[in-house]
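A.B. asks: What follows is a single structure, and I will ask about it in a moment.
The values are calculated or read from the model by the stated rules, or taken from the named source; none is laboratory data. As the structure is a computational prediction, the values presented were derived from the model and not from experiment. All Cβ positions, even for glycine, are placed from backbone atoms using ideal geometry, and neighbour counts span all protein chains on display. Areas reflect the complete protein model, heavy atoms only, side chains present, ligands, DNA and RNA absent. Shrake-Rupley method; radii C 1.70, N 1.55, O 1.52, S 1.80 Å.
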Amino acid sequence: MRHLVSVDDLSLDEIREIFERAKTFSSDLGAWSHLCPGLISASLFYEPSTRTRLSFESAMQRLGGGVLTAAEMGTSSASKGESLADTVRVVTGYADLIVLRHQSEGAARLAVQYSGVPVINAGDGSHEHPTQTLCDLYTLWIERGRIEGLDVLIAGDLRYSRTIHSFVFALARFGANIVCVPHRGLELPPYVVQRLREEYGAEPMRADVSRLGKLAAESDVAYLTPQKPHQLSLFTDAKGMRVDHVDAVYMTRPQTERHGEGANVERYLQLGQSSLEAESLRDAVVMHPLPRRDEISSELDTDPRGIYFKQASRGVPLRMAILAALLGRQPFSARPSDAAPRLYPVRVGENPCPNTTCISRTEERHVTPTFRVTDRYPLRAVCGYCSQELPIRLVGCSTTRHFHSRESATARKIRPDHLVFFRDEEHAAALGFSAATR
Amino acid sequence: MRHLVSVDDLSLDEIREIFERAKTFSSDLGAWSHLCPGLISASLFYEPSTRTRLSFESAMQRLGGGVLTAAEMGTSSASKGESLADTVRVVTGYADLIVLRHQSEGAARLAVQYSGVPVINAGDGSHEHPTQTLCDLYTLWIERGRIEGLDVLIAGDLRYSRTIHSFVFALARFGANIVCVPHRGLELPPYVVQRLREEYGAEPMRADVSRLGKLAAESDVAYLTPQKPHQLSLFTDAKGMRVDHVDAVYMTRPQTERHGEGANVERYLQLGQSSLEAESLRDAVVMHPLPRRDEISSELDTDPRGIYFKQASRGVPLRMAILAALLGRQPFSARPSDAAPRLYPVRVGENPCPNTTCISRTEERHVTPTFRVTDRYPLRAVCGYCSQELPIRLVGCSTTRHFHSRESATARKIRPDHLVFFRDEEHAAALGFSAATR
Amino acid sequence: MRHLVSVDDLSLDEIREIFERAKTFSSDLGAWSHLCPGLISASLFYEPSTRTRLSFESAMQRLGGGVLTAAEMGTSSASKGESLADTVRVVTGYADLIVLRHQSEGAARLAVQYSGVPVINAGDGSHEHPTQTLCDLYTLWIERGRIEGLDVLIAGDLRYSRTIHSFVFALARFGANIVCVPHRGLELPPYVVQRLREEYGAEPMRADVSRLGKLAAESDVAYLTPQKPHQLSLFTDAKGMRVDHVDAVYMTRPQTERHGEGANVERYLQLGQSSLEAESLRDAVVMHPLPRRDEISSELDTDPRGIYFKQASRGVPLRMAILAALLGRQPFSARPSDAAPRLYPVRVGENPCPNTTCISRTEERHVTPTFRVTDRYPLRAVCGYCSQELPIRLVGCSTTRHFHSRESATARKIRPDHLVFFRDEEHAAALGFSAATR
């Protein structure tokens, strides 16, 4: 049984297979009702999200299937205080697939553990929303015929937009280049840049944006390419990698509800015809996850480059392809992902996840905290549910009962399933660990 | 592509065609699921209206189609502050038809401009609700075999009931006569009477209601017939047109939420068997748009004249016929309406619409205000969205840059697409217009 | 036309027929979509109950039918103050069957009077929820192959749990034995015990629970068996009927929202492996209506005895069988119940029902109060809607206009359709009745 919690659950070949199928579906959306008759998907939404819900429900009905809708699970009267784990187990008896939207990071990962049917993550807090990301990639693929090697400009609030983070990882994985045009103070966060560097070798470098015109005039633009930096030195000079041509501009709205007092979005970029008049942007498609506010002028609605409404509508065939695959009516034939990163249970001490809205914290009774090692030297690990980095200062070995600095060579040699994390020496001592004497 | 924003979008022949088809459907509601399989309608409701929504969704399912439900769009969490125009463009990608309920007058007119699929107006503020009106007419047609020449008595709150206004225009258009029995202070508003007069030649005259018994005992009853008044003079005398026989009584609840302090509905008419005992009402059917409160006694529920529940149930076959037509599965074969009244954009100055809840005011970014000329002498015009009359004192010509009194002969000669409206001379001057010197 | 307002609407043979059909359905839930295509059920929910609603909607879709959802009827904006009677009459025109959830006891009984299609009671206040009870019985029947003669232990809040009351009546009717393990102060209420005694001859007796281990250690356990007590004297001694083996444990959550200040649920029973370690409980299945809080430890989730999630999922085939029967696609072939208990209208005086949330009190306009005689000597009667006992002190005869003590022999002889109930002599006098002189 396959689930879709993260884009990383799918191999690149499987994603390309989904895209090919979605393209076939889109030629006549009404012609596929023979694929899933008699099957039922349940929309389990703890947060309202009419757009995402309707897109999934449209896709399921286009496939001839039925839909159960629980759109208001977030109100206490609807869930009656029941744990997500229990609700998922019950709904498993009612439907053949669950589409889950939840406010806690990691909720879909938890649901998978308790579900008897495939689960699709339709957004878990500020963590992942894989079908949105796949829809964005699919739109690029349809518009440009490929993703590898494209130059994709991302603009606006690069710091707080969940959509952007998932999107840049996926772009890097597919080998696209990323031009960052952030609103000042809303740059890509360090952990995103770090993951781009570690997993895809993408070192941010200064970009020469003299050919982008007004679009990038007020930003410190960075260029990230999932190539090794030394290859790029051939093409760059002191002024940075020159951006000559942009394939797509991905605009985001300012996530003002998550901004602290620092951010000032008064002069937030507004895309319009004047900001896109440079030759380098002549055929750049303009994308946006919607809903938009003022960051895209309505004059782009009738400009052939403004494809954000097409982008939204492409969510239907894309989701049809995913549903048909997970429901077993069109199983993947492509090679699956290499083994998923291994998760280890936290065996000693309390849950080390620092994220108070992580499902491992909000639904403690049904969760065994887990972690995933992301780097060995210095040792780094993230929560197995919400992917947030664990605040590690010292690590211990559950066999030797010794603790070490996370930068130490010894730390590196501890078997992952023996790893214990400590905030500090006092914490380690309280759990019965002592400093390594050697 | 056809839409249904107003009853006037359909010709009388098309309406009759809808009625014939609805009648065929109603003989066995379950036998038509082959008509729209694979098609999806989306219920986009910004105001709750369970009855209307369920009626549409039942009709769509009886046709074998699927339904997407967004019943709570009015809450900010559901729409996320997105404009109606954007939401409609997105939902266009999910469904084959949109059923829209919105609190702003003109919302459905706006939706049509941005939708890629047919739109049905399921109520736009206090403006129109065409399928309700068609259901009322259909019920009359079924019960009486025709509409032309019927004597239809409308009773209660004739001033604030949206249903009644649409209904009387449609009755007049079909050539039925209207007997108005208003609660005191809740008479038909002047603009409704004026439109009845202008478009259908129906001059209100006193009615002699001596044969109606208690039903009309406490009202000043008016009689409107879409004939030229001089024809009636043969039949009327000083006491007024005598009402001998009533075919249908259409009762409305007091719209107390819209009443100011003036109205007193303490002794609001309650229809019961005693109020219907006159010989002239012996076979009058009693209609009501529901929900009712106390204005219809439950003793009429079992009286064969009380057909309001039948009236509600007839909404299903009626809406089946409309859906099948707009979805192209049973296209109209009747002759369409003569060209719809021409709408002109407002080119100079701000939006002249005086209605603060009109969609042209509440969603200014996506709306180009328009107007429709309803009379040439004196010049009168209404908002192209909400149909409310524009407060015109002076009119200008955008070519000559002169302004004129709206009663002047010159005003009459200005080409409609050159018309500019002014509140007063100061307003005209501010926009660079000067008084005509000739 | 059949309805399902109470489990008692079905004969034991019909219930067994439902179980057999549900079992057939459950072998492949997706194979029955040919049974109800073209039919529509309407979920009319005045209280949120996502679980019950989704279970019904899943069942209807598994049968190939369509669903109309009105999940928020309880908000005034949705119902617009319309009476339940009117709403039911309207929805009758939209659907082929109504599934009703309402906060007032007796609501489904009222709906039946006004509906033109079958009605299923999906919970009416604290009164009945027959499909939940049938699902519980069905689970027992599947797990144990029979219900008659089983020893079923019910634990926890036996006083305020609606589920438990319906369940014990049904167990007694099927001839199962009941072991009551209440939380202190939350024993079965007297009227439940009394009905068990009167209708099924089940006298509560002390139980010897020495073999149940920790499970019953802190309770005064009672044993009820729908046999005549004298048969049991063979097996019991001063210590009470010994419980050697339990077939099923039915656990309930504390209904704290209904507790007064008296109840103390701080040490509420928590079922876990230690409480079930006695040999007598070795193969007892553990049931729960869900949602649970802490009263069932999650360690039972993976214990084969913990079948509460299976129990929930069995609601789907069970409800499929009920829907198919009531919709006429699989009519009952078993013999129906003997004539339902006769209801008589209250002809004199006001509504005697003491329950302020009974639909006969909350929707007075559409209800003729009724009563049902449950005992002749002394005379006792219950409300025909909510089944609550009427507070009778004196009874009168509407023919003789005399009143009598309800314990008198004369009271016994009054024809039920002539019965009048009085709180006291003053009440009787006010209605024109006098004391019997004989």
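A.B. asks: Does region B:361-378 include one or more residues that are within 27 Å of the chain's Cα centre (by Cα), exposed (fewer than 13 other Cβ atoms within 10 Å of the Cβ) and in a loop (DSSP other than H, G, I, E, B)?
C.D. replies: yes
A.B. asks: Name the single residue that is farthest from A:ILE307 (Cα to Cα) among those in region A:134-165 being basic (Lys, Arg) and either surrounded by 22 or more Cβ atoms within 10 Å (Cβ to Cβ) or touching an Asp or Glu at 6+ places or on another chain (Cβ under 7 Å) (or both).
C.D. replies: Step by step, filter region A:134-165, then rank; the result is A:ARG159.
A.B. asks: Kindly evaluate A:TYR344 against the criterion of being crowded, with 18+ Cβ neighbours inside 10 Å and not acidic (Asp, Glu).
C.D. replies: No.
A.B. asks: Shifting gears a bit: What is the one condition in (1) modelled with pLDDT of 90 or more; (2) more than 30 Å from B:SER11 (Cβ to Cβ); (3) not in a helix (DSSP H, G or I) that B:CYS353 does not satisfy?
C.D. replies: (2) is the only condition that B:CYS353 fails.
A.B. asks: Further question: For residues in region B:287-302 being in contact with a helix residue (DSSP H, G or I) (Cβ under 6 Å, 6 or more places away or on another chain) and of a type in the set (A, V, I, L, M, F, W, C), which is farthest from the other protein chains (Cβ to nearest Cβ)?
C.D. replies: Within region B:287-302, the match that is farthest from the other protein chains (Cβ to nearest Cβ) is B:MET287.
A.B. asks: Counting only residues that are within 13 Å of chain A (Cβ to nearest Cβ) and open to solvent by 10 Å² or more (accessible area, probe 1.4 Å), which one in region B:98-129 is farthest from the chain's Cα centre (by Cα)?
C.D. replies: That would be B:GLY116.
A.B. asks: Of the numbered conditions (1) in contact (Cβ under 8 Å) with a residue 24 or more places away in the chain; (2) over 17 Å from C:MET60 (Cβ atoms), C:PHE309 fails exactly one; give the number of that condition.
C.D. replies: Evaluating C:PHE309 over (1) in contact (Cβ under 8 Å) with a residue 24 or more places away in the chain; (2) over 17 Å from C:MET60 (Cβ atoms) leaves (1) as the failure.
A.B. asks: Among the residues of region A:303-329, write down those that are more than 25 Å from A:ASP244 (Cβ to Cβ), out of contact with any Leu (no Cβ under 7 Å at 6 or more places or on another chain) and away from every other protein chain (no Cβ under 11 Å).
C.D. replies: A:ALA321, A:ALA325, A:GLY328
A.B. asks: Pick out the one residue from C:THR75, C:THR87 that is over 22 Å from B:GLY65 (Cβ atoms), at the interface with chain B (Cβ under 9 Å from one of its Cβ atoms) and in contact (Cβ under 8 Å) with a residue 24 or more places away in the chain.
C.D. replies: C:THR87
A.B. asks: Same structure, new question: Out of region A:35-59, which residues are of a type outside the set (Asp, Glu), at the interface with chain B (Cβ under 10 Å from one of its Cβ atoms) and farther than 28 Å from A:PHE174 by Cα?
C.D. replies: A:PRO48, A:SER49, A:THR50, A:LEU54, A:SER58 - these are the residues of region A:35-59 that are of a type outside the set (Asp, Glu), at the interface with chain B (Cβ under 10 Å from one of its Cβ atoms) and farther than 28 Å from A:PHE174 by Cα.
A.B. asks: Next question, about the same structure. Restricting attention to region A:184-200, which residues are part of a helix (DSSP H, G or I) and open to solvent by 10 Å² or more (accessible area, probe 1.4 Å)?
C.D. replies: Result: A:PRO190, A:TYR191, A:VAL193, A:GLN194, A:ARG195, A:ARG197, A:GLU198, A:GLU199, A:TYR200.
A.B. asks: In addition: Please go through region A:58-85 and give me each residue that is within 17 Å of A:ARG365 (Cβ to Cβ) and crowded, with 24+ Cβ neighbours inside 10 Å, ordered by number.
C.D. replies: Scanning region A:58-85 gives a single hit, A:LEU84.
A.B. asks: Do we have C:ALA95 as facing chain B (nearest Cβ under 7 Å), within 30 Å of C:SER26 (Cβ to Cβ) and open to solvent by less than 10 Å² (accessible area, probe 1.4 Å) here?
C.D. replies: Yes.
A.B. asks: Kindly indicate whether A:SER274 is among the small types (Gly, Ala, Ser), out of contact with any Pro (no Cβ under 6 Å at 6 or more places or on another chain), surrounded by fewer than 20 Cβ atoms within 10 Å (Cβ to Cβ) and away from every other protein chain (no Cβ under 11 Å).
C.D. replies: Answer is yes for this residue.
A.B. asks: Checking the condition out of contact with any Phe, Trp or Tyr (no Cβ under 8 Å at 6 or more places or on another chain), assigned to a strand (DSSP E or B) and open to solvent by less than 40 Å² (accessible area, probe 1.4 Å), which residue from A:VAL168, A:VAL181 passes?
C.D. replies: Unique residue meeting the criteria: A:VAL181.
A.B. asks: Would you point out the residue of region C:5-35, among those that are in contact (Cβ under 8 Å) with a residue 60 or more places away in the chain and outside any helix (DSSP H, G or I), that is surrounded by the fewest Cβ atoms within 10 Å (Cβ to Cβ)?
C.D. replies: Taking the candidates together, the pick is C:SER11.
A.B. asks: Would it be correct to say that B:VAL91 is β-branched (Val, Ile, Thr) and either over 21 Å from the mean Cα position of the chain (by Cα) or in the same structural domain as B:SER161 (by TED's automatic domain parsing) (or both)?
C.D. replies: The answer is yes for B:VAL91.
A.B. asks: Only one of these conditions is not met by A:LEU269: (1) crowded, with 22+ Cβ neighbours inside 10 Å; (2) at pLDDT below 95; (3) within 14 Å of chain B (Cβ to nearest Cβ). Which number is it?
C.D. replies: Exception for A:LEU269: condition (3).
A.B. asks: Also, I was wondering about something else. Inspect all residues belonging to region A:13-33 and state whether any of them is farther than 27 Å from A:PRO354 by Cβ and within 14 Å of chain C (Cβ to nearest Cβ).
C.D. replies: Checked region A:13-33: at least one residue is farther than 27 Å from A:PRO354 by Cβ and within 14 Å of chain C (Cβ to nearest Cβ).
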